[in-house]
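Trainee: Below is one structure. I have some questions about it.
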Amino acid sequence: MRENAKLAILFADIAGSTKLYETIGDAKAREITSRCIELLATITKSHEGRVVKTIGDEVMCTFPSADAAAEASVEMQEEVAAHALQWGTMLKIRVGFHFGDVIKENNDVFGDAVNLAARMAAQAKGDQIITTGDTLEVMSPHLRMESRLLITTTVKGKTKPIQIVELTWGEEEELTVMGGPSMTIASKTTPAMAVSFNDQKLILSETQSVVSFGRGSTNTFVVPDNMSSRVHSRLEYRRGKIYLVDQSTNGTYIINSKGQQNFVHRDELPIEGSGVIGLGRIVTPDDPLAVRYSTTSG
């Protein structure tokens, strides 16, 4: 029997499962992935969801609301992170979901919302939860607050651009310290970061939470170098931490004041302290192509 419905469709799969099998062996990897899938299924049911099917190391689920899918997504990430330590692995999952119209038939679901949810899961990296802007709009305010827009882009099969959104989870909250006969409430020092390129300088903070770098004229800092992508990378302030997010062809180098070097390519890395950033190339502090950064107190 065919039935039309509005549901949240969620896909969750194990990131880097092939590497897991290579690292710990087939038998152990199969045991751990099976336990992970069972954990995801249990969490799904606890949020009034239903597991439609498992496909290898992936589960496909439905939920009655976008809120239920979002809350299940966060719990999935938190529980897998906790269990991965017990299992002795670096196991991570990626989650994508979308809320919309579907067709229910023979215990399966079909339709554009299913396809879009699968595309959101494909966009996610390990530890990420990805959804659409349309789904975010029907979520409760307290859940919408834990999100950030990644990009507005076109998707195959859709005539209008869609917003791709990340739901954040597992980030440190404000600290509350109790002592003596009275209570003292102490918040973490909120860091800010001074960022400069040539004569241009600004402060990255809660007020200005994103600065971008690249060859294109729309960036906050325009770095005119053929190793730099048009939109190369950005620094993001997220709830008291600062992240370098790379989206380039050649990657981004971060060299701190001690000379320690990190390379980020199509990924992100939390940074602090001071140093220089090189777009597509290693730079020195006196290099005219170096972006300089230095963490300060908020």
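Values quoted throughout were computed directly from the atomic coordinates according to the rules given, and no laboratory measurement underlies them. Small disclaimer: the values here were computed from a predicted structure and weren't measured. When we count neighbours, we look across all protein chains shown, and the Cβ atoms used for this are built from the backbone with ideal geometry, even at glycine.
Trainee: About the Cα centre, and with charges only on the beta carbon of Lys, Arg (+1) and Asp, Glu (-1), how big is the dipole of the stretch 191-297? Nearest 20 debye, please. Show your work: numbers first, answer last.
Mentor: Details: 11 positive and 10 negative charges, 28 e Å.
Result for the stretch 191-297 is approximately 140 debye, rounded to the nearest 20.
Trainee: Restricting to the stretch 46-172, what percent of DSSP beta bridges are antiparallel, rounded to 5?
Mentor: Values: 18 of 20 bridges.
Roughly 90 percent of the beta bridges in the stretch 46-172 run antiparallel, per DSSP.
Trainee: Normalised by the number of residues in the chain, what is the relative contact order in percent for Cα pairs under 8 Å and 6+ residues apart?
Mentor: On the way: 626 pairs, mean separation 35.6, N = 298.
Relative contact order for the chain comes out at 12 percent.
Trainee: In straight Cα distance, which aspartates and glutamates are under 15 Å from residue 28, not counting same-chain residues fewer than 8 positions off?
Mentor: 57
Trainee: To continue, here is another question. Using just the helices of the chain, give the 222 nm mean residue ellipticity in deg cm²/dmol: DSSP H runs with n ≥ 4 each add -39,500 (n - 2.57), and the total is spread over all residues, rounded to 500. Please list the in-between numbers first.
Mentor: Numbers: 6 runs with 72 residues, N = 298.
Mean residue ellipticity at 222 nm (helix-derived): -7500 deg cm²/dmol.
Trainee: Another question about this same structure. Restricting the calculation to Cα positions, tell me the Rg (one decimal) and the Dmax (whole number) of the chain in Å.
Mentor: According to the Cα coordinates of the chain, Rg and Dmax are 21.5, 70 Å.
Trainee: On C-alpha positions alone, give me the angle between the axis of helix 66-87 and the longest principal axis of the chain, in degrees, nearest 10.
Mentor: Tilt of helix 66-87: around 80 degrees.
Trainee: Cα-based Rg of the stretch 33-165 per 2.2 N^0.38 Å, rounded to two decimals?
Mentor: The reported ratio for this selection is 1.03.
Trainee: Here's another thing I want to ask about it. Restricting to DSSP loop positions (anything but H, G, I, E, B) with no more than 10 other Cβ atoms inside 10 Å of their own Cβ, which trypsin sites (Lys or Arg not before Pro) remain in the stretch 1-101? Each step should come with its number before you reach the end.
Mentor: Working: sites: 2, 6, 19, 28, 30, 35, 45, 50, 53, 92, 94; in loops: 2.
The qualifying sites are 2.
Trainee: Could you sort out which of 19/92; 6/92; 6/104; 104/158; 92/125 sit more than 18 Å apart by Cα distance in this structure?
Mentor: Over 18 Å Cα-Cα: 6/92; 104/158.
Trainee: Next up: Once you place label points 7 Å from the Cα toward the Cβ at residue 282 and residue 35, how far apart are they in nm?
Mentor: For the pair residue 282/residue 35, the computed spacing is 4.1 nm.
Trainee: Given 4 °C and 1.567 mPa s, how large is the Stokes-Einstein diffusion coefficient of the stretch 94-151 in µm²/s, with Rh as the Kirkwood radius over Cα pairs? Walk me through the intermediate numbers first.
Mentor: Details: Rh = 12.2 Å.
D, rounded to a whole number, is 106 µm²/s.
Trainee: Normalised by the empirical 2.2 N^0.38 Å for globular proteins, what value does the Cα Rg of the stretch 191-297 take?
Mentor: Details: Rg = 12.2 Å, N = 107, 2.2 N^0.38 = 13.0 Å.
Expressed relative to 2.2 N^0.38 Å, the Cα Rg reads 0.94.
Trainee: Further question: What do you get for Rg/Rh over the stretch 1-111 if you use C-alpha atoms and the Kirkwood form of Rh? Please list the in-between numbers first.
Mentor: On the way: Rg = 14.6 Å, Rh = 14.4 Å.
With Rg and the Kirkwood Rh in hand, the quotient comes to 1.01.
Trainee: Tell me which of 263, 46, 126 sits at the most positive position along the dipole axis of the chain, charges placed on C-beta atoms (Lys, Arg +1; Asp, Glu -1).
Mentor: Final value for the positive-end residue is 263.
Trainee: Also: Which lysines, if any, have their Cα less than 22 Å from the Cα of residue 258, not counting same-chain residues under 8 positions apart?
Mentor: 241
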